[in-house]
Amino acid sequence: MRWPCVRGILLLSCTLGGFACDHIKDAAQSQSAPQAASETPAPALNLPPDNSPPPSIDANRAFQYVKEVVKFGERPIGSANHKKLEDYILEHLKGDEVESDTFTADTVEGKFPAHNIIAKYPGAKDGIIVIAGHYDTNYWLRGTGYVGANDGGSTTAILLEFANQLRGKKRDGYSVWLLWTDAEEAVRTWSDTDSLYGTRHLAARWQQDGTAKEIKAFLLTDMIGDADLDIDRDDNSTPWLENVVYEAATRLGYQSHFFARENAIQDDHLPFMKIGVPCADIIDINYGYNDAYHHTPQDTIDKLSPKSIEIVGSVILETVRILDKMDPLPPK
C-alpha cells in the first residue's frame, strides 16, 4: 500500500485484492512520474475577458452515452466487448476525420491488439489542443462484473458529446483532437511498464513524427462523472495549464468543484509530460467515501450524475476557449 501525497484533505487509498491503487502515488516514490509540477511556479497569466455566452454540453445525452457504454459490460483489452465498444465509438464518429492508431500492447499477460482513436476538428490557428480519456476497463477485474461506469465509461461518453459540439462548426482557434486512449489500465499491477500502454505508444509516435511540437495543450479527463464531484489539482500536470482550468471553472461558477485537494497523479498524461507537452489531468480520484468505488464492481451508473458531466464538459470547453485567445501561450 502506498499513501498519496495529499494537501488540504487527507485521502486514504487502499489496496484492492492485492492490487495497488493505480493512479495516486507519492511523487517522491514514483520513478516514472516527472518531478512534481508544483515545484516550478506557474507564470502569471494574462487571460483575456470574454462576455460571450458560456459553452455548454448536452448532459443528458452524454449520460445516455454512459448508460450505453456500461451495457457492454466488462471491456478489457482483447475482449469481445472491448471490440464492440470500439465499433460503437467509431459509429458515432462517422463522417468525421478519424484516425485509428493501432498497435500491439506487449503486456505481462501476453500481447493484445490496442487502438487509440483520434477524431480531428480543424481550426484556423496553427496548433492542436488534445482532449483525451480512456475507454478500456481493467483486465485483472474481468469476471467480477466490473463495468467501470465512472472509470472509463464517463470519459468515453464525454468525448462523444464533445464530438457533437465540435462537428460541422468552423473553429477560429486551434484544431481540437479528441483522443480515446486504449490500454490505460494495468493488466496485472500498476507499474512503469504495466500501465498507460496506449499513451506511451502514441506519445513516442507523435514525438518521432513531429506532432508533439504542434500540441499546445493536452487536457486529460478521468473519472469525471462522480455525483459528488471534486476535481483534484494534479502536481504532475503543467501549473499554468491547471491555472487556466481553474480560471475556466471560476468564470462558469463551478470553482467549488475544483482543486480542494492536491495530489501527484499517475495517469495518461505522463507520457506527454515527459516529452514536453503542456498537460492538465482533470480527475476526481476520490470516487466514493475514501475512494470506495474505484476499481470495484460497485463502479456503477447509480453513482454518477449528469450534472457532474455537464460541469466538467463546460469547464473543458471554456478552457479551450480561453486557450484559443491567449497569445502567446506560456512556454512549455
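The values are calculated or read from the model by the stated rules, or taken from the named source; none is laboratory data. Quantities reported herein were computed from a predicted structural model and do not represent experimental measurements. Note: areas computed on protein heavy atoms with side chains; ligands, DNA, RNA excluded. Shrake-Rupley method; radii C 1.70, N 1.55, O 1.52, S 1.80 Å.
Mind scanning Lys125/Lys332; Lys84/Lys274; Lys216/Lys274; Lys125/Lys274; Lys169/Lys274; Lys274/Lys332 and naming the pairs with a C-alpha gap bigger than 22 Å? Can you show the working numbers first?
Numbers: Lys125/Lys332 18 Å; Lys84/Lys274 32 Å; Lys216/Lys274 15 Å; Lys125/Lys274 25 Å; Lys169/Lys274 33 Å; Lys274/Lys332 11 Å.
Pairs exceeding 22 Å: Lys84/Lys274; Lys125/Lys274; Lys169/Lys274.
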Cα coordinate range in segment 175-332, projected on the principal axes (Å, largest first): 42, 41, 24
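On a 1.4 Å probe surface of the protein chains, which of Trp190, Trp140 comes out largest in accessible area, and what is the full order?
Working: Trp190 15, Trp140 45 Å².
Largest to smallest exposure gives the sequence Trp140, Trp190.
When the chain is fully extended, how far beyond the present Cα-Cα distance does Lys71 get from Asn46, taking 0.36 nm per residue of separation?
Details: separation 25, 0.36 × 25 = 9.00 nm, distance 4.51 nm.
Once the chain is fully extended between Lys71 and Asn46, it gains 4.5 nm.
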Selected from Val108, Val187, Val176 as most flexible by GNM, with the chain as the system and alpha-carbon contacts under 10 Å: Val108
Structure-based [θ]222 nm, the chain - -39500 (n - 2.57) summed over DSSP H runs of at least 4, per residue, nearest 500: -8500 deg cm²/dmol
Centroid-to-centroid separation of segment 236-277 and segment 289-321 [C-alpha atoms, Å]: 15
For segment 111-154 versus segment 158-232, the gap between their alpha-carbon centres in whole angstrom: 7
For the chain, built as a Gaussian network whose Cα springs stay under 10 Å, the top-fluctuating residue of Val98, Val66, Val315: Val98
Relative counts (whole %) of C-alpha pair distances in segment 223-296, using bins that are 5 Å wide: 3, 16, 25, 24, 17, 11, 3, 0
